[in-house]
1. For the pairing of chain B with chain A, what total accessible surface becomes buried, with a 1.4 angstrom probe, in square angstrom to the nearest 100?
2. Could you give the Stokes-Einstein D for segment B:298-349 in µm² per second, using the C-alpha Kirkwood radius, 25 °C, 0.890 mPa s?
3. Each label point is 7 Å from the Cα along the Cα-to-Cβ direction; what then is the distance between the points at B:Tyr321 and A:Thr2, in nm?
4. So what's the gap between the Cα centers of segment A:52-80 and segment B:363-381, to the nearest angstrom?
5. For B:Ala233, what charge total do you get from the other residues with a beta carbon under 14 Å from its beta carbon, if Lys and Arg give +1 and Asp and Glu give -1?
6. Taking amide H positions as placed 1.01 Å from N in the peptide plane, with prolines and chain starts having none, which residues 5 or more places from B:Gly298, or on another chain, fall under 5 Å of its amide H?
7. Please sort B:224-233, B:359-368 by packing, taking for each peptide the average over its residues of neighbouring beta carbons within 10 angstrom, highest first.
8. Take the Cα of A:Lys83, step 7 Å along the line toward its Cβ, and report every residue of segment B:28-63 whose backbone nitrogen sits under 14 Å from that point.
Amino acid sequence: MTTNEMVKTLAAHLKITQQEARRLLQHFFTTISAKLQNGETMVFRSFGALGIEESRPIRTFDPATREFVPQPSEFEFFFRPYKRLKEIIKAQRLE
Amino acid sequence: MKPRPQLQTPKTLTGRGEIESLAIAGGVSIAFMRKFIKEVMALIEEGLRRDGVVKIHNFGTFRIDETPANKIMPARASLQPRVVFQPAKSLRELILLSLGPAARTGMAISLHTLLEKYFKPSLPKFPTPIAPEIYAEEFDIAEVLPDIPGEPVPVFDFAEVEPVADIVVEKTWEPAPVPARGSPASTFSLAEEESEVETATAPEWPRRDFPVPPIVPPSSRRSFKRWAWSSGAFAVGLLLLLFLLPGRIAEQQDSPRRFVATTTNGAATNNARPISSDQTKSPAANVKPRAPAPFFAGGTHQVARGDNLWGLSGNYYHNHYLWPNIYRVNAATIKNPDILEIAQQLELPVLYGPPQKLTAVDRRNLAESYLLLYRHYKQVESHLAPFALWAAVQYEARIKKDFAAEMREDDLAFLQAHTVSRALAER
């Protein structure tokens, strides 16, 4: 599934033009990325939660200098699917 | 400057406020936006179910990952498929710029580059800062000029010189000072940035042309040369291996085990048995079993400074305690075994077996050698005489009976005291 396919399907289902569907899709995902940028976690009911996690800072050992080097924390994206989506995928795999 | 936002509590997009703002910004009704979002979610679900991958341009990819979550202990990890979100490069960069280390250190450039990269407005570029170290180069003119006696060093006073009007550059624009982290002035909004940009004029700072190292194009000719040389060397090495190695192996297989007595004057004496004429003529003659080659085939040695029998024995026989063997053969020329004369020619007798497994002939020779030594020590009345006798008996027990008449009573008593019976040794 790609963006073009999504645009075509959305236009057909919602009875709007492809141009309008593309604009709305772009607007939707831009808004989500802007909210992610603020550090918010987006939760879509019956779909999943999408957000960013901050790993805790660690210190690593450098054998060359024999010193501990502090490593800053990193940001990682996570997606936690809801139970319904999990079941759908599990059923799909069993088939 | 935008402060680093704290990670907030999750917000639901199905909430009324969120969808409302989305709908207003999108220019559609709230009901339509709700329907639209549901449709999008359903499409992503369908895509995951059908293809396993949903790619959204400039946002990211949802995909089903079937690899176990725990790679170290995969047996324990759940083998259920997981849905993974992989952000697009642009989204990852955006997030890193707004939340990552750039935002933490308070770099003013983050938002600017972000806008420039993804929204592409016609913004003026920040002036490249000139390194202050360039102007910090100060030197004393007296140090540079050579000392001329009688004449004072001219001192140039810059204060006296009137400034030339053409060179004076007035600074019309200065970059805003970077506020400290966490200060209230570090709050930043897009509106402020835009207004600042409009009023600012592009500064005309003196530009310095630094010598840029020329980009060396990959010369195909040089690389071809290198390749040709390396491949040629490899081929020559391979040919040498192919031609020389089989011959070398065959030579090693044919030749008997050889021991060459090297002399100190540099000449090497090869005492390997010469190949007989019938061996060279007919290969069938080789069938009959040969006698095992001696451990050391004998030779000669010219005494150099620092040589002694103990050392020579260690060199040639690989065992220092066989040194009386050399003394026995050269007894006519050696008066005292402790002293050798420089440039003296010594004969090195044959040793048939290795020192760990001497043959009967070797043992007999060594017994005789030690007996000879015993005689010498007895003559010079050395305290080492009983030890030599003891060694002789160790090599050949018959010596004790054969030469009993020569032995002194004290030495015999010593021998008796230090002879361990075989039964006792085994016990």
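1. Numbers: alone 33530 and 8440 Å², together 36780 Å².
That pair of chains buries around 5200 Å² in total.
2. Details: Rh = 10.7 Å.
Taking Rh from Cα pairs, D becomes 229 µm²/s.
3. 8.9
4. Rounded to whole Å, the Cα centres lie 81 Å apart.
5. On the way: positive: B:Lys225, B:Arg226; negative: none.
With Lys, Arg at +1 and Asp, Glu at -1, the net is +2.
6. B:Leu351
7. Final packing ranking: B:359-368, B:224-233.
8. none
The values are calculated or read from the model by the stated rules, or taken from the named source; none is laboratory data. Computed from a predicted model, the values in this text were never measured in an experiment. All Cβ positions, glycine included, derive from the backbone under ideal geometry; neighbour counts span all protein chains shown. The accessibility values were calculated without ligands, DNA or RNA, using every heavy atom of the protein model including side chains. Shrake-Rupley method; radii C 1.70, N 1.55, O 1.52, S 1.80 Å.
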